[in-house]
1. With the structure loaded, tell me whether R36 is within 12 Å of the chain's Cα centre (by Cα) and either loosely packed, with under 14 Cβ neighbours inside 10 Å or basic (K, R) (or both) or whether it fails that test.
2. Within the stretch 39-50, count every residue that is without any contact (Cβ under 8 Å) to a residue 12 or more places away in the chain, open to solvent by 50 Å² or more (accessible area, probe 1.4 Å) and of a type outside the set (V, I, T).
3. So, of the residues in the stretch 68-78 that are exposed (fewer than 13 other Cβ atoms within 10 Å of the Cβ) and modelled with pLDDT of 95 or more, which turns out to be farthest from Q39 (Cα to Cα)?
4. Specify the residue that is modelled with the lowest pLDDT; the eligible residues are those in the stretch 51-60 that are of a type in the set (D, E) and open to solvent by 60 Å² or more (accessible area, probe 1.4 Å).
5. State whether one or more residues within the stretch 11-28 are surrounded by 11 or more Cβ atoms within 10 Å (Cβ to Cβ) and touching a Gly at 6+ places or on another chain (Cβ under 9 Å).
Amino acid sequence: MPDQQGTPDFRTDRARIDQLDESIIALLRQRLEISRSIQQRRTKTGGPRIAEGREEIVIGHYREALGGTGGALAETLLRLCRG
């Protein structure tokens, strides 16, 4: 709906985006916790902290679901979760 100056009012949509961002951040924090737990358990048993094969699967999944930039997003996510 345009405001009095005739420009669209995006407040509702922006508020929804803000809500989605908060949900995404909460999910990323959960993923980070789980990832760190896996890394700790893996290194305690003498394994590597990072499973490169698994990371390639994750990158491929994101790329398939979201296109080329999805792979870049996955790489950023994986760096975040490595700590």
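1. Taking the combined requirement at face value, the residue does not satisfy it.
2. 6
3. Within the stretch 68-78, the match that is farthest from Q39 (Cα to Cα) is T69.
4. E52
5. No: zero hits.
The values are calculated or read from the model by the stated rules, or taken from the named source; none is laboratory data. Just so you know, these numbers come straight off a predicted model, no measurement behind them. Note that we place each Cβ from the backbone using ideal geometry, even for glycine, and neighbour counts take in every protein chain shown. Each accessible area value is taken on the protein alone, full model and side chains, heavy atoms only, with ligands, DNA and RNA left out. Shrake-Rupley method; radii C 1.70, N 1.55, O 1.52, S 1.80 Å.
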